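K.L.:
Right, I'll just put the structure down here and ask away after.
The values are calculated or read from the model by the stated rules, or taken from the named source; none is laboratory data. Since the model is a prediction, treat every value here as computed from it, not as a measurement. So basically every Cβ, Gly included, is an ideal-geometry build from the backbone, and we count neighbours across all protein chains shown.
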Amino acid sequence: MNKSHRPDEDETIEAPQELIDALADLHNERIFVPPSIDEEIMAEARRRLKPVEAEARPSNILAWSGWGVAIAACAVLVFSLTLREPGRPESAEMADATPAEPASEAEMVDAAPAVAKADAPADAPAAFAREDVNGDRSVDILDAFALARRLEQPESVPAAWDFNNDGTIDRGDVDWIARVSVKL
Amino acid sequence: MVESLQTSGKVEHEPQSDSRGDRELIDAVNRGDSAAFDVLYLRHRDWVVNLAFRFTRDRDLALDVLQETFLYFLKKFPGFELTAKLTTFFYPAVRNLSLTALKKARRYQSDEEISEHVVAPPEAAPVESQREQLAAVMAELSEEHREVLLLRFVEGMKMGEIAQTMGIPTGTVKSRLHNALTVLRKDERTRKFFGK
């Protein structure tokens with residue numbers, strides 16, 4: 001190259017200005033975007049983003065309160081099953097269960113995450129983070145495994161799981177979660 | 001062949017008056033502000049559709065890719081975090097969607113229709129202008145070399161940005177750029193740009 005016309009950057013490979021101008025001229029074609037397409041895309045944005053502002057919040061709260069009730073009910077059920085000792089009549093269990101109440105809170109705390117994890121639908125929005133693929137409220141190598149398994153049925157993988165933002169959901173996203181979880 | 005092109009359409013609410021940067025707008029969209037999304041759309045629409053056209057060489061496909069790209073972008077909200085320039089985010093999406101659209105379109109085309117889109121070999125095409133000669137040489141470059149050249153000298157990206165955008169090492173960017181320029185320098189149709 002006999003001329004250099006990009007002194008503004010610390011870039012080593014340069015091109016003649018005449019070529020740069022010609023390339024720019026070659027690619028200065030402009031596609032006419034019909035206003036109907038603009039409107040369509042913006043209407044879709046309004047449709048999708050509006051619920052986040054106004055409508056989705058109450059329904060999300062309701063949805064989460066519903067989940068909370070369900071989880072609490074499951075935890076109580078698990079707790080009551082753990083109190084049941086084999087070979088004892090049900091009336092005796094009930095009698096024994098009453099004084100055991102102080103321990104029940106701790107057991108409920110332990111039981112709740114297990115129930116939540118088992119019941120969490122695979123496509124449910126991540127409660128903890130977008131990368132929490134398996135819904136266990138932590139981002140770890142298990143999420144990478146979970147995503148790898150879900151990739152066996154790519155049609156059921158949500159678009160939001162394109163963690164590395166390369167336009168496809170593939171092995172690269174699994175590697176991305178693995179990297180992030182190691183860093184965490 | 002390719003339809004004649006026109007200047008991009010202007011809609012009533014042009015984003016020029018909005019001084020917020022992409023990052024601020026994305027924060028607003030994450031809070032559910034659809035007007036901020038409109039500004040982002042109008043700001044990047046032409047870049048996206050022209051890039052799509054560069055890949056597809058078909059106006060209708062480019063418009064399809066434009067819509068799909070912004071729907072894909074929209075699905076990232078809430079929770080989207082901008083870690084680089086927004087064009088760096090858009091580029092791989094536009095490229096993949098364009099190539100997919102092209103494959104689908106070709107699946108339904110007859111051989112005759114496809115042949116209309118194939119670039120004629122340089123010796124078959126009557127050479128009319130310097131511009132056409134450059135276009136012919138560019139068409140003969142591999143897609144990887146052509147893209148690096150255009151991202152560097154038409155889009156004005158830095159080496160590191162190109163590397164990030166294309167998902168390749170900076171060394172590979174430099175190597176492709178060097179090779180592409182060597183081809184242009186050696187080809188008799190484009191040698192004149194280098195002063196000889």
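K.L.:
So how many residues does segment B:175-196 have that are farther than 23 Å from B:Gln130 by Cβ and crowded, with 18+ Cβ neighbours inside 10 Å?
P.N.:
Within segment B:175-196, residues that are farther than 23 Å from B:Gln130 by Cβ and crowded, with 18+ Cβ neighbours inside 10 Å number 1.
K.L.:
Follow-up. Taking only pairs six or more apart or across chains, which ones have beta-carbon atoms under 8 Å, a first residue in segment A:24-37 that is farther than 19 Å from B:Leu149 by Cα, and a second residue that is among the acidic types (Asp, Glu)?
P.N.:
A:Arg30/B:Asp46; A:Ile31/B:Asp46; A:Val33/B:Asp46
K.L.:
For the structure I just gave you, tell me whether B:Ala52 is more than 20 Å from A:Asn165 (Cβ to Cβ), at the interface with chain A (Cβ under 9 Å from one of its Cβ atoms), out of contact with any Cys (no Cβ under 8 Å at 6 or more places or on another chain) and modelled with pLDDT of 90 or more.
P.N.:
On the way: more than 20 Å from A:Asn165 (Cβ to Cβ): no; at the interface with chain A (Cβ under 9 Å from one of its Cβ atoms): yes; out of contact with any Cys (no Cβ under 8 Å at 6 or more places or on another chain): yes; modelled with pLDDT of 90 or more: yes.
No, not satisfied.
K.L.:
Further, regarding this structure: Assess whether A:Val115 counts as being modelled with pLDDT of 75 or more and over 20 Å from B:Phe89 (Cβ atoms). Steps first, answer last, please.
P.N.:
Numbers: modelled with pLDDT of 75 or more: no; over 20 Å from B:Phe89 (Cβ atoms): yes.
Answer is no for this residue.
K.L.:
Still on this model: Look through segment B:63-92, keep the residues that are among the hydroxyl-bearing types (Ser, Thr, Tyr) and assigned to a helix (DSSP H, G or I), and return whichever of them is farthest from A:Asp162 (Cα to Cα).
P.N.:
As a first pass, look at segment B:63-92 and keep what is among the hydroxyl-bearing types (Ser, Thr, Tyr): B:69, B:72, B:83, B:87-88, B:91.
Checking which are assigned to a helix (DSSP H, G or I) leaves us with B:69, B:72, B:87-88, B:91.
On the way: B:Thr69: 14, B:Tyr72: 10, B:Thr87: 17, B:Thr88: 15, B:Tyr91: 15 Å.
Within segment B:63-92, the match that is farthest from A:Asp162 (Cα to Cα) is B:Thr87.
K.L.:
Quickly run through segment B:180-191 and pick out the residues that are facing another protein chain (nearest Cβ under 8 Å), in a helix (DSSP H, G or I) and more than 13 Å from A:Ile13 (Cα to Cα).
P.N.:
Correct list: B:Leu184, B:Arg185.
K.L.:
Then there is this: I'm trying to understand the selection: among the residues of segment B:163-179, which are more than 8 Å from every other protein chain (Cβ to nearest Cβ) and more than 19 Å from the chain's Cα centre (by Cα)?
P.N.:
Across segment B:163-179, the qualifying residues are B:Pro169, B:Thr170, B:Gly171, B:Thr172, B:Ser175, B:Asn179.
Quick grid of which residues meet (1) over 12 Å from the mean Cα position of the chain (by Cα); (2) surrounded by 23 or more Cβ atoms within 10 Å (Cβ to Cβ); (3) farther than 21 Å from A:Thr168 by Cα:
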{"residue": "B:Asp33", "(1), (2), (3)": "yes, no, yes"}
{"residue": "B:Arg43", "(1), (2), (3)": "yes, no, yes"}
{"residue": "B:Asp46", "(1), (2), (3)": "no, no, yes"}
{"residue": "B:Arg54", "(1), (2), (3)": "no, no, no"}
{"residue": "B:Leu61", "(1), (2), (3)": "yes, no, no"}
{"residue": "B:Gln67", "(1), (2), (3)": "yes, no, no"}
{"residue": "B:Leu71", "(1), (2), (3)": "yes, no, no"}
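K.L.:
Is there a residue in segment B:134-154 that is within 29 Å of B:Leu63 (Cβ to Cβ), at pLDDT 85 or above and polar (S, T, N, Q)? Outline the logic, then answer.
P.N.:
Taking segment B:134-154 first, the residues within 29 Å of B:Leu63 (Cβ to Cβ) are B:134-154.
Add one more test, that the residue is at pLDDT 85 or above, and what stays is B:134-154.
In the following step, the residues that additionally are polar (S, T, N, Q) were identified as B:142.
Yes, segment B:134-154 contains a residue that is within 29 Å of B:Leu63 (Cβ to Cβ), at pLDDT 85 or above and polar (S, T, N, Q).
K.L.:
Residue check, B:Leu82 against (1) at pLDDT below 55; (2) in contact with a Lys or Arg (Cβ under 7 Å, 6 or more places away or on another chain), all met but one. Which one?
P.N.:
Only one criterion in (1) at pLDDT below 55; (2) in contact with a Lys or Arg (Cβ under 7 Å, 6 or more places away or on another chain) is unmet by B:Leu82, namely (1).
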